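Visitor: The structure's right below; bear with me while I get my questions together.
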Amino acid sequence: MSLPADWEAVCARRKRVQAESIPTEWIIPTPPEDQLNVMNVPRQCGLLTDLEMDITETVDVQTILDKLCRAEWSSVQVTTAFYKRAIVAQQLTNCLTEIFVERALERAKELDEHLSRTGTVVGPLHGLPISLKDQFTMKGLETIMGYAKWIGNHADSDCVLVEILYECGAVPFVRTNVPQTLMWGETMNHVFGRTLNPYNIAFTPGGSSGGEGALIAMKGSCLGVGTDIGGSLRIPSAFCGLYTLRPSYMRLPYCGAMNALEGQESISSVLGPMSNSLSGIKVFTKAILDAKPWLRDPLVLRKGWSETEYALVRHGNGDQLCFAIMWDNGRCVVKPHPPLHRAMELTQRALEAAGHKVINWEPHRHLEIYKNAETIFAADGGHDYRQQCEGVEPLIQTMSPSTDSHENALDEPLVKGLVGEPYHRTAYELWELHAEKRALRKSHLDHWRATVNRTGTGRPVDAIISPAVAYTAVPHGMNTDSFYTTLCNALDYACSVFPVTFVDPKLDDPHPPHRFYNHEDEHIYKLYNSDLFPGCPVALQLIGGTQEEEAVIRMTEIVAEALAQLN
């Protein structure tokens, strides 16, 4: 593929435009090169006032909204505080794309004036700054989505989600970085560069919502929106110690947002919230559903927020739930690292201490589900990616850094072996994959329902608890596993991610060798060294049924409450 001689210069010019949008007075000194953990820099850099520190250190989103509603904090104050901290996060992790300070502050000012004049809020998200993944179009702003070809692609309207956020009183204030093609578990592109994990900048924050993950981990945003087709909400949330919700297909409005693999609708991409607090997840989901998004997006189900489902009426009112732990994935793909195993043990102990039941999950046809999903994703033989890059920029083939790459980099992930060489499948072959997926979903549903014979509650298992990824955050270029998340996308299960603990070298000794399931399992086993990952967040995934978003949120709250009591 021939490329224009100036393609790198075009990308560099756009990156300079981004840098010039940062107020000069918000530039901070660069930390020492050997400082890998930058989480405390916002507290130490001196840029934020005491009030701004109080605002951004307030993790609970509902608390922030309450203070905005009572005019204890103005929207201008809150937006300025998070904007300054977001810019600090940008300088440390390269997490942002679009920066539009004046526009956001003008919006915040209008909301403050409305509250002062009328004594009422505009909506349930009144005055709250919200960050958005670089897929959600905003009128007048570029939506580059990791492609050099899209530089200069200014939106002429807002996507449906942004329309609803404005009507709910929110203040969209930054957009965040994504990988080229979106279909990576890491965040890097030629235009904006690589995003770093603030817990260890030599590690990835995950992808494709990695910009959101890094930003929110640094408390540069209290609530953000990402997307997920194979784990793109849950992987960054797990790597960055956040909460998230991966909703079922057609529950939240995607209309008008940009995407990769447009037209592939067998396994749909979905949008969801990311936050340092579970209240942020609930507040966002309820606000969007209460806005009746099906009136704007024809694909959204006519299903508003249900307090009955949140109260777990179909799950014994939540009095005694039965959770099943997926310790492994059926001895077929990859075995989780020791910190993930310890997190599952902690969660089991916490739930049992709270009076709930915990049993072992018996995996069912996992490798078949994984292979089917990945083959659907690759059904066009890579045409979509090549078309977006052809004649403009190189298609990124690896996320490994060009220098200082990890010695155990995996050049041939299992998924490539499953799918085989790039191959354009015919329409009929794709239909066959869709039929296979429907049969697998039915088989897995029957398997889940049959657990009624093991729970002792008179109901099937209420939720499954598993890793979101087989490991915590890893060095750049090393994130190859998406099995635990892709499973839920293929089966369309609503699920969440919740933080549990941090890697502790004293507690997380390497497991003895096991009979490796495949070469990727062997690679991941050899990757683990307890001294490599100290302090990295360890998170798990809670898996509920299809269209059970409210129940998943409530059950995640119950798990989080149980873990808090254990500690």
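Visitor: List pairs: first residue in the range 329-346 and outside any loop (DSSP other than H, G, I, E, B), second residue at pLDDT below 95 and among the acidic types (Asp, Glu) anywhere in the structure, Cβ distance under 7 angstrom, at least six positions apart or on different chains.
Guide: Hits for this filter: PRO338/ASP509.
Visitor: Which of the residues that make up the range 108-139 are free of Cβ contacts under 8 Å to residues at least 24 places away in the same chain and in a loop (DSSP other than H, G, I, E, B)?
Guide: GLY119, THR120, LYS139
Visitor: Right, next: How about the range 518-567: which of its residues are acidic (Asp, Glu) and under 18 Å from ASN197 (Cα atoms)?
Guide: Within the range 518-567, just ASP531 meets the criteria.
Visitor: Still on this structure: Counting only residues that are under 14 Å from the mean Cα position of the chain (by Cα) and closer than 18 Å to ASN329 by Cα, how many does the range 473-483 have?
Guide: So the count comes out to 1.
Visitor: In the set TYR471, TYR484, which member is surrounded by 24 or more Cβ atoms within 10 Å (Cβ to Cβ), touching a residue at least 40 places away in the same chain (Cβ under 8 Å) and either outside any helix (DSSP H, G or I) or touching a Leu at 6+ places or on another chain (Cβ under 9 Å) (or both)?
Guide: Only one candidate qualifies: TYR471.
Visitor: Report whether or not TYR517 is touching a Phe, Trp or Tyr at 6+ places or on another chain (Cβ under 8 Å) and either without any contact (Cβ under 8 Å) to a residue 60 or more places away in the chain or surrounded by fewer than 21 Cβ atoms within 10 Å (Cβ to Cβ) (or both).
Guide: So TYR517 does not fit the description; no.
Visitor: Only one of (1) within 27 Å of LYS286 (Cβ to Cβ); (2) touching a helix residue (DSSP H, G or I) at 6+ places or on another chain (Cβ under 6 Å) fails for VAL88. Which number is that?
Guide: In the conditions (1) within 27 Å of LYS286 (Cβ to Cβ); (2) touching a helix residue (DSSP H, G or I) at 6+ places or on another chain (Cβ under 6 Å), VAL88 misses (1) alone.
Visitor: Read through the list (1) crowded, with 24+ Cβ neighbours inside 10 Å; (2) over 18 Å from GLY146 (Cα atoms); (3) among the hydrophobic types (A, V, I, L, M, F, W, C), then give the number of the only condition that ALA202 fails.
Guide: Just one mismatch for ALA202, condition (1).
Visitor: Let me ask something else about it. Based on this model, can you work out whether GLY146 counts as at positive phi, part of a loop (DSSP other than H, G, I, E, B) and in contact with a Ser or Thr (Cβ under 8 Å, 6 or more places away or on another chain)?
Guide: Yes: the conditions hold for GLY146.
Visitor: Does PRO460 satisfy the condition of being in contact with a Phe, Trp or Tyr (Cβ under 6 Å, 6 or more places away or on another chain) and farther than 24 Å from ILE201 by Cβ?
Guide: Answer is yes for this residue.
Visitor: Counting only residues that are of a type in the set (Val, Ile, Thr) and farther than 13 Å from GLU549 by Cβ, how many does the range 284-307 have?
Guide: Count: 0.
Visitor: Among the residues of the range 9-32, is any among the acidic types (Asp, Glu) and either closer than 23 Å to PRO205 by Cβ or in contact (Cβ under 8 Å) with a residue 12 or more places away in the chain (or both)?
Guide: no
Visitor: Can I ask one more? Need pairs with beta-carbon distance below 9 Å; first residue outside the structural domain of THR486 (by TED's automatic domain parsing) and within the range 532-555, second surrounded by 22 or more Cβ atoms within 10 Å (Cβ to Cβ); sequence gap 6+ or separate chains.
Guide: none
Visitor: Return yes or no: is THR79 in a loop (DSSP other than H, G, I, E, B) and either of a type in the set (Ser, Thr, Tyr) or closer than 30 Å to HIS383 by Cα (or both)?
Guide: no
Visitor: Among (1) out of contact with any Pro (no Cβ under 7 Å at 6 or more places or on another chain); (2) at pLDDT below 90, which single condition is ARG386 missing?
Guide: It fails just one condition, (2).
The values are calculated or read from the model by the stated rules, or taken from the named source; none is laboratory data. Quick caveat, the model's predicted, so the values are computed rather than measured. Cβ atoms come from the backbone with ideal geometry, glycine included; neighbour counts cover every protein chain shown.
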